[in-house]
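The values are calculated or read from the model by the stated rules, or taken from the named source; none is laboratory data. This one's a predicted model, so the numbers in the text were calculated from it and none came from an experiment. Using ideal geometry, Cβ is built from the backbone for each residue, glycine included, and neighbour counts are taken over all protein chains shown. When the accessible area is computed, the model is the full protein with side chains, heavy atoms only, and any ligands, DNA or RNA have been set aside. Shrake-Rupley method; radii C 1.70, N 1.55, O 1.52, S 1.80 Å.
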Amino acid sequence: MLLAIKNLNFNYGKLKVLSEVNINLPKGEIHGLVGVNGSGKTTLLRLITGLLSPLSGEILWDQRRIGVNDIIYMESNLFFYPNMTGRDYIDFFSANNRNFRLKDWNDIFQLPLDAFIDSYSSGMQRKLSILGVLALDRPLLLLDEPFNALDLESVELLKKLILVLKEKGKTILLTSHVLETLTGTCDVIHYLNAGTIRNSFTKNRYDKLQEEISTFTTAKYSESIKNAMRNNDDINSHHE
């Protein structure tokens, strides 16, 4: 199976967000997506799920349109219904998965399943959402900023889980603002810049990705930082 994104374009009104995006994600691979805020990462994930419709181009899973039973999307901003317990949430996601053993998984996650989700910390809510992904057990996983709000131990746990899911043949696309969380898990990382995939980097080229991001950031902000520091120094000298 293959997730194929071909010549994808998307606008918000007159604002072009994505332009000629092309990515292939083979079965059993982990792909990362990096880019600055507003670069179109979440928009791309929402297009893959069908929550948004492209201006042009196509998105195919195994040479056909993606169906609801093919995919699970974990959004960066989590939403839970009020007056719902953690157990209610997982029971909903695991309803069609007889092989899911909540007790075994919660021995790892240690969540208060009979408490209302509203009482959970942000990190606990993130872990509950990850449990939902595991319970639903679909072949294509889109994880938008899955490491948000997790403590150091939970970050390492999620990395290990992602690698296990890969071994099970899952295809995974995830985003993160912290490059190190991607370099430790991904087979390929795609750099989204100015609405298009600027470059794609395999593991042996991750150092080049860091260089490219650093070069772009330096070119964009170096002069502005110098001006800000110079103005700050001028203001301080007048007060002395």
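Just checking, does segment 86-95 include any residue being touching a Phe, Trp or Tyr at 6+ places or on another chain (Cβ under 6 Å) and among the small types (Gly, Ala, Ser)? Yes, segment 86-95 contains at least one residue that is touching a Phe, Trp or Tyr at 6+ places or on another chain (Cβ under 6 Å) and among the small types (Gly, Ala, Ser).
Is it true that some residue in segment 165-187 is in contact (Cβ under 8 Å) with a residue 60 or more places away in the chain, touching a Lys or Arg at 6+ places or on another chain (Cβ under 9 Å), exposed (fewer than 14 other Cβ atoms within 10 Å of the Cβ) and more than 17 Å from Ser39 (Cβ to Cβ)? Scanning segment 165-187, I find at least one residue that is in contact (Cβ under 8 Å) with a residue 60 or more places away in the chain, touching a Lys or Arg at 6+ places or on another chain (Cβ under 9 Å), exposed (fewer than 14 other Cβ atoms within 10 Å of the Cβ) and more than 17 Å from Ser39 (Cβ to Cβ), so the answer is yes.
Pull up segment 77-104, narrow it to residues that are aliphatic (A, V, I, L, M) and in a loop (DSSP other than H, G, I, E, B), then point me to the one that is farthest from Arg138 (Cα to Cα). Spell out the reasoning first.
Here is the first cut: in segment 77-104, the residues aliphatic (A, V, I, L, M) are 78, 84, 90, 95, 102.
Now drop any that are not in a loop (DSSP other than H, G, I, E, B), which leaves 78, 84, 95.
On the way: Leu78: 19, Met84: 23, Ala95: 13 Å.
Only one residue tops the list, namely Met84.
Screening Ile59, Ile71, Ile66 for residues that are at pLDDT below 95, open to solvent by less than 50 Å² (accessible area, probe 1.4 Å) and under 26 Å from Gly195 (Cβ atoms) leaves exactly one candidate, Ile66.
Within segment 2-76, which strands (runs of 3 or more DSSP E) (wholly inside it) include 3 or more residues that are of a type in the set (S, T, N, Q) and touching a residue at least 12 places away in the same chain (Cβ under 8 Å)? Break it down into steps so the answer makes sense when it comes.
Values: elements: 2-12, 15-26, 30-34, 56-61, 71-74.
Fully inside segment 2-76 and qualifying: 2-12, 15-26.
Scanning segment 132-141 for residues that are in contact with a Phe, Trp or Tyr (Cβ under 6 Å, 6 or more places away or on another chain) and within 18 Å of Glu167 (Cα to Cα) yields Ala135, Leu136. Take the conditions (1) at pLDDT below 95; (2) open to solvent by less than 60 Å² (accessible area, probe 1.4 Å); (3) farther than 29 Å from Asn22 by Cα; Gly195 misses just one of them, which is (3). Selection of segment 106-118 for residues being open to solvent by 70 Å² or more (accessible area, probe 1.4 Å) and under 23 Å from the mean Cα position of the chain (by Cα) yields only Ile108.
Considering only residues in segment 188-209 that are touching a helix residue (DSSP H, G or I) at 6+ places or on another chain (Cβ under 9 Å) and free of Cβ contacts under 8 Å to residues at least 40 places away in the same chain, the one that is nearest to Gly40 (Cα to Cα) turns out to be Arg198.
Lys160 meets each of the listed conditions (1) within 28 Å of Asn106 (Cβ to Cβ); (2) of a type in the set (Lys, Arg); (3) touching a helix residue (DSSP H, G or I) at 6+ places or on another chain (Cβ under 8 Å) apart from (3).
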